[in-house]
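Undergrad: There's a structure below that I have some questions on.
The values are calculated or read from the model by the stated rules, or taken from the named source; none is laboratory data. Not measured: the values here are computed from a predicted model. Please note: Cβ atoms are built from the backbone with ideal geometry, for glycine as well, and neighbour counts cover all protein chains shown.
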Amino acid sequence: MKTVANCILVLMIMVFMGCAGSSSYMQPATTVIKPTPDKAVVYFMRPSGVGFAINFQIWDGERFIGLSQAKSYFAYQCNPGKHLFVGIAENKRGLEADLEAGKAYFAITQVRMGGWRARMAFIPVTRGSEFWDTVNTYMTELNYIEAKPGMLMQWEAKHRAKTQEILAVLNSPEGQKYVLQLNRSDGR
């Protein structure tokens, strides 16, 4: 009986590890957004299926840009220059990026064990980092998603006040320990 229970447990773990996330705010997309001569693109990738039921909010300052879902990635085309990307789950994390026009940048979102629900981590893909070469594979293996029309503004309006509080913390001296860096030289 114990062996059967262990087999069922292992099978359930294997099933959940392979599950892609979903959300009523995001949908499958076909045309991958690329950098243009006057815009940069940041790809937010979540390669793991762990915690597939939890989606991480991703913001560019006070602008909501999408949900990071398990086994998926999305693109965010933006003006070059400095940005503070915010990831929200049970915890809050920041990614300060200095972006150059015409270049693509990558950020991995990872699941961490939380107290009540999943926590998240940002991993900036920098030159020589463990994910530098892996992101090319992720772009072919992960589900490419985009926000459903009108949904970004709806989510943003609902959560803006809380995000403003989080931004104040991340911009404070105490909050800087939760902010990682993505530099111009990390673009390709």
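Undergrad: With 155, 132 as the choices, which residue is surrounded by 14 or more Cβ atoms within 10 Å (Cβ to Cβ) and free of Cβ contacts under 8 Å to residues at least 12 places away in the same chain?
TA: Exactly one residue qualifies, and that residue is 132.
Every residue, every condition in (1) outside any helix (DSSP H, G or I); (2) over 17 Å from residue 123 (Cβ atoms); (3) within 18 Å of the chain's Cα centre (by Cα); (4) small (Gly, Ala, Ser), yes or no:
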| residue | (1), (2), (3), (4) |
| --- | --- |
| 156 | no, yes, yes, no |
| 162 | no, yes, no, no |
| 165 | no, yes, no, no |
| 172 | yes, yes, no, yes |
| 181 | yes, no, yes, no |
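Undergrad: Could you run through the stretch 49-104 and say how many residues are crowded, with 20+ Cβ neighbours inside 10 Å, on the phi > 0 side of the Ramachandran plot and modelled with pLDDT of 90 or more?
TA: Residues flagged as crowded, with 20+ Cβ neighbours inside 10 Å, on the phi > 0 side of the Ramachandran plot and modelled with pLDDT of 90 or more within the stretch 49-104 amount to 2.
Undergrad: Sticking with this one: Name the residues in the stretch 75-130 that are among the hydrophobic types (A, V, I, L, M, F, W, C), more than 12 Å from residue 186 (Cα to Cα) and either more than 12 Å from the chain's Cα centre (by Cα) or not in a strand (DSSP E or B) (or both), would you?
TA: Selection gives 78, 84, 89, 101, 113, 116, 118.
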